Amino acid sequence: RSTRAAEAVERLTRWHDDFPTPGVRFADLTPVFADAVGFHAVIDHLGDVAADADLVAGVDARGFLLGAGVAAVRGTGVVAVRKAGKLPPPVLSREYTLEYGSAALEIPADGIDLAGRRVLLLDDVLATGGTLAAAAELFASAGAQVVAAAVVLELSFLNGRARQGDYPLTSIVRR
Ligand code: PRP
Ligand code: MG
């Protein structure tokens, strides 16, 4: 199962140099998710991570596909962690720096009882790690515990893993 997911990622990822800015090598997983076998293998793999999580979260935008897919398989709810300005107040907000530029992530500050929840945090790619770390901090600030994080593709040379908290981080493929 994990081999099938990794094989699809290795075979179908579109790599593009100098996008969106010079010096960045962009990993586009669109063809992986468009492939029936690839998408289901990825969802099944991530769906086996952190059986003790009772809530799944996916990061805007590419992490939404994973969050929704995994939550559907596991029978949990899903939180869409949004880029700044998309949610009405009140919100919890965390700024972070990206491989290219900076941004902020937000979740609602009310309406979801996050205290004591056990969150599985998902995104497509781990690059510098700022995105995933900011998302995890949001849940921690709401009184939830990120019990695990998982990504499809980890760009190891950027050492994003070093920026994460004490939750285990799973990646299907490391490059
Ligand atoms: C990409 C990718 C991850 C993040 C990883 O998202 O989908 O979320 O960058 O980078 P980091 O580890 O250096 O923080 P991006 O912000 O480009 O937006 P998108 O998902 O909306 O396309
Ligand atoms: Mg993203």
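The table for this structure:
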read-out: Unique residue being touching a residue at least 24 places away in the same chain (Cβ under 8 Å), within 16 Å of ligand 2 (Cβ to nearest atom) and more than 18 Å from A71 (Cβ to Cβ) when the list is A134, A140, A150; value: A134
read-out: Conditions (1) within 11 Å of ligand 1 (Cβ to nearest atom); (2) open to solvent by 60 Å² or more (accessible area, probe 1.4 Å); number of the one not met by R94; value: (1)
read-out: Filter result for V79 (open to solvent by less than 40 Å² (accessible area, probe 1.4 Å), within 19 Å of T131 (Cα to Cα) and of a type in the set (V, I, T)); value: yes
read-out: First in the stretch 61-78 and more than 18 Å from D28 (Cα to Cα) and at pLDDT 95 or above, second anywhere and within 16 Å of ligand 2 (Cβ to nearest atom) and part of a helix (DSSP H, G or I), Cβ under 7 Å, 6 or more apart; value: V70/L46; V78/G67; V78/A68
read-out: Count - residues of the stretch 49-60 that are away from ligand 1 (no atom under 16 Å from the Cβ) and in contact (Cβ under 8 Å) with a residue 12 or more places away in the chain; value: 6
read-out: Close pairs (7 angstrom Cβ cut-off, 6 or more residues apart or separate chains): touching a residue at least 60 places away in the same chain (Cβ under 8 Å) in the stretch 94-117, among the hydroxyl-bearing types (S, T, Y) and assigned to a loop (DSSP other than H, G, I, E, B) anywhere; value: E99/T128; Y100/T21
read-out: Residue match in the stretch 54-70 (condition: of a type in the set (D, E), over 22 Å from T128 (Cα atoms) and either open to solvent by 40 Å² or more (accessible area, probe 1.4 Å) or more than 14 Å from ligand 2 (Cβ to nearest atom) (or both)); value: yes
read-out: Subset tally (residues that are of a type outside the set (S, T, N, Q) and either within 22 Å of T131 (Cα to Cα) or in contact with a Pro (Cβ under 6 Å, 6 or more places away or on another chain) (or both)) for the stretch 22-53; value: 18
read-out: Qualifying residue in the stretch 138-158 (condition: farther than 24 Å from E10 by Cα and either modelled with pLDDT under 95 or of a type in the set (D, E, K, R) (or both)); value: no
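The values are calculated or read from the model by the stated rules, or taken from the named source; none is laboratory data. Just so it is clear, the structure is predicted and the values come from calculations on it, not from any experiment. A quick note on method: Cβ atoms are made from the backbone with ideal geometry, for glycine too, and the neighbour counts reach across all protein chains shown. Heavy atoms of the whole protein, side chains included, go into the accessibility calculation; ligands, DNA and RNA do not. Shrake-Rupley method; radii C 1.70, N 1.55, O 1.52, S 1.80 Å.
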